[in-house]
Each structure stands twice: as C-alpha cells, then as structure tokens.
1. Could you put 106, 97 in order, starting from the residue whose Cβ has the fewest other Cβ atoms within 10 Å?
2. For a quick check: sort 60, 74 by the number of other beta carbons within 10 angstrom, fewest at the front.
3. Say R0 is 30 Å: what FRET efficiency, to the nearest 0.05, do residue 81 and residue 105 get from their beta-carbon distance?
4. If I model a spin label as a point 7 Å beyond the Cα along the Cα-Cβ vector, how far apart are those points for residue 119 and residue 97 in nm?
Ligand SMILES: [Zn+2]
C-alpha cells in the first residue's frame, strides 16, 4: 500500500465516521444515523455541507474564545482575524448566499467540503 492510498483510506474512513455511517456485518455501509446533507451554490455550483445556524454560531463563539486567549504570534498564524458568521453564510468560492439541496448523485464522496448554514430541508 502506498503512502497516498493509505492517506486516502484514512480520510475516507474519517469522512464515513463524520457522516454517521456505520459498518454493517455484511461490510457495506448503512445510513441508520442521519448523514451530512449537502447544498449546492446556485451561482458557481460548488457543493458544501449543511449545518444549522445554531451550530455555526457556536463554532464562531468557540473559535473566537480560543483566538482571544492566544499570543499575537498564534493569532498571526490564524491570519490575525476572528471568525464571523458570514464564513458560514456565503459560498467561499464566489461569495454568494443562494443554495439548494444537492441531489444525492451530485454529492462527491471522500472529498473535503466546507460548512454552510442551510436549514430548509
Ligand atoms: Zn458559489
């Protein structure tokens, strides 16, 4: 097994866990727990995963609490700026805020996606 394939396997396993999929005795994956839902940007087509506003606000608060307690050197390593809710409202590619639920066949598996606030499922 090459290093790259090992990394891919670990990332794939991590994403499966993150999406709440559990392994069945037969070796396939079931969706007995809710999995991440995806949304597509209407402007540029980029796919994100959906989170609630409540979760996004908690993430902003959690990061900023951490950030404010850091030294200037650490703050610089984080771009010297606090998090804000807009990071979860706008597509990071085109900065638009209009999304629709991604059809299941469009959502790629095993890739890194960014979170976006979307609660209209
Ligand atoms: Zn976009």
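Each value in this text was obtained by applying a stated rule to the coordinates, not by laboratory testing. For clarity, every value in this text was computed on a predicted model and none was experimentally measured. Backbone-built Cβ (ideal geometry, glycine too); neighbour counts: all protein chains shown.
1. 106, 97
2. 74, 60
3. 0.20
4. So the label points at residue 119 and residue 97 sit 1.4 nm apart.
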